[in-house]
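First the structure, in the form of structure tokens, and then the observations on it.
The values are calculated or read from the model by the stated rules, or taken from the named source; none is laboratory data. Computed from a predicted structure; not experimentally measured. In this analysis, Cβ positions are derived from the backbone assuming ideal geometry, glycine residues included, and neighbour counts consider all displayed protein chains. The accessibility values were calculated without ligands, DNA or RNA, using every heavy atom of the protein model including side chains. Shrake-Rupley method; radii C 1.70, N 1.55, O 1.52, S 1.80 Å.
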Amino acid sequence: MTPKVALVMGSYSDFPKMEKTLAIFKEFDISCEVRILSAHRTPRETAEFAEKAHERGVQVIIAAAGGAAHLPGVIAASTVLPVIGVPIPLQTMNGLDSLLSIAQMPAGIPVCTMSAGGGGPENAALAAISILALGDPTLTEMLVTYRKRLAAKVLERDSALQWKITATEVIEREK
Ligand code: RP5
């Protein structure tokens, strides 16, 4: 069966930064088609991929690129599937170039843009899963559980911090 999500990267050099996206898909037991296609170096193959994605059964496309990051926009130009763009920070401008290249799309051709660096790669997977979850109650449940786990981790750290502050105060008082 064809995977319902596709992850496309502009270069193999983007792959290490996008492994977190694949880890989230693995956690949710979602298989993902993974490709390297460049808007500039392989424009024909990129357009062909985007044009045929729908008929292959792909429902959401994640496109990651850095620098003059046209890949998500070029893919979005050739499909009406939702496209989630992930700006990859390169050394020169720390991701601002990639972020603006992906986010500043002209009206009519949307690209849902994630953050450059930080949680961008993970959030791309979670956003794709939210879209798939519209027609899949099991995925909705899994997303709810995922959020509960995140909240539990924060509250656990909060308790640990409160305990540490109290302990430090007691030690200071008894000095
Ligand atoms: C972009 O150019 C790619 O997405 C990558 O982030 C950047 C640099 O590519 P390489 O020169 O490392 O192949 O198209």
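Note the direction-averaged projected area, equal to a quarter of the hull surface, for the Cα convex hull of region 53-102, in nm².
Convex hull of Cα atoms, orientation-averaged projection: 3.1 nm².
On the protein heavy atoms, probe 1.4 angstrom, tell me the percent of accessible surface of region 18-175 carried by carbon and sulfur. Walk me through the numbers on the way to the answer.
On the way: 5530 of 9560 Å².
For region 18-175, the apolar C and S fraction of the accessible surface comes to 58 percent.
For region 94-175, just say rounded, prolate or oblate: build the C-alpha gyration tensor, square-root its eigenvalues into a ≥ b ≥ c, call rounded for a/c under 1.5, and beyond that prolate if a/b exceeds b/c, oblate if not.
oblate
What lysines does Lys52 reach when the alpha-carbon gap must be under 28 Å and sequence neighbours fewer than 8 apart in one chain are set aside?
Lys4, Lys17, Lys20, Lys26
If you take the beta carbon distance between Ala107 and Thr166 as r and set R0 to 41 Å, what does 1/(1 + (r/R0)^6) give as a FRET efficiency, to the nearest 0.05?
Numbers: r = 55 Å, r/R0 = 1.34.
For Ala107 and Thr166, the calculated efficiency is 0.15.
Report the Cα centroid-to-centroid distance between region 1-42 and region 108-175 in angstrom, as an integer.
One Cα centre to the other: 22 Å.
Send over a whole-number figure in Å² for the accessible area per residue of region 38-175, probe 1.4 Å.
Accessible surface, normalised per residue, equals 61 Å².
Given charges of +1 on the Cβ of Lys and Arg and -1 on the Cβ of Asp and Glu, with all other atoms neutral, how large is the dipole of the chain about its Cα centre, in debye to the nearest 20? Working shown, then result.
Working: 17 positive and 18 negative charges, 28 e Å.
Here the size comes out at about 140 debye.
What order do Tyr146, Tyr12 take when sorted by accessible area (1.4 Å probe), most exposed first? Intermediate results must be reported in sequence, preceding the final value.
Values: Tyr146 35, Tyr12 155 Å².
These residues rank, largest area first, as Tyr12, Tyr146.
From the square roots a ≥ b ≥ c of the eigenvalues of the alpha-carbon gyration tensor of region 5-135, which class results: rounded (a/c under 1.5), prolate (a/b over b/c), or oblate?
Here region 5-135 falls in the rounded category.
How charged is the neighbourhood of Ala64? Take every other residue with its Cβ under 9 Å from the Cβ of Ala64, and add Lys/Arg as +1 and Asp/Glu as -1.
Combined, the nearby Lys, Arg, Asp and Glu give 0.
Can you give the charge dipole size of region 33-81 about its Cα centre, rounded to the nearest 20 debye, using +1 on the beta carbon of Lys and Arg and -1 on the beta carbon of Asp and Glu? If you can, show how the numbers build up before the last one.
Numbers: 5 positive and 5 negative charges, 21 e Å.
Rounded to the nearest 20 debye, it is 100 debye.
Find how much the distance from Leu81 to Glu51 grows on full extension, using 0.36 nm per residue of separation minus their present alpha carbon separation; answer in nm with one decimal.
Additional length available on full extension: 9.8 nm.
Order the following by accessible area, largest value first: Lys4, Lys26. Probe radius 1.4 Å; ligands, DNA and RNA are ignored.
Working: Lys4 90, Lys26 165 Å².
These residues rank, largest area first, as Lys26, Lys4.
Grab the Cα-Cα distance for Val144 and Arg173, subtract it from 0.36 nm times how many residues apart they are, and report the gain in nm with one decimal. Provide the component values of the computation, followed by the final result.
Details: separation 29, 0.36 × 29 = 10.44 nm, distance 4.35 nm.
Gain on extension, Val144 to Arg173, equals 6.1 nm.
Which angle from 0 to 90°, rounded to the nearest 10, does the C-alpha axis of helix 137-173 make with the longest principal axis of the chain?
With both axes taken from Cα atoms, the answer is about 30 degrees.
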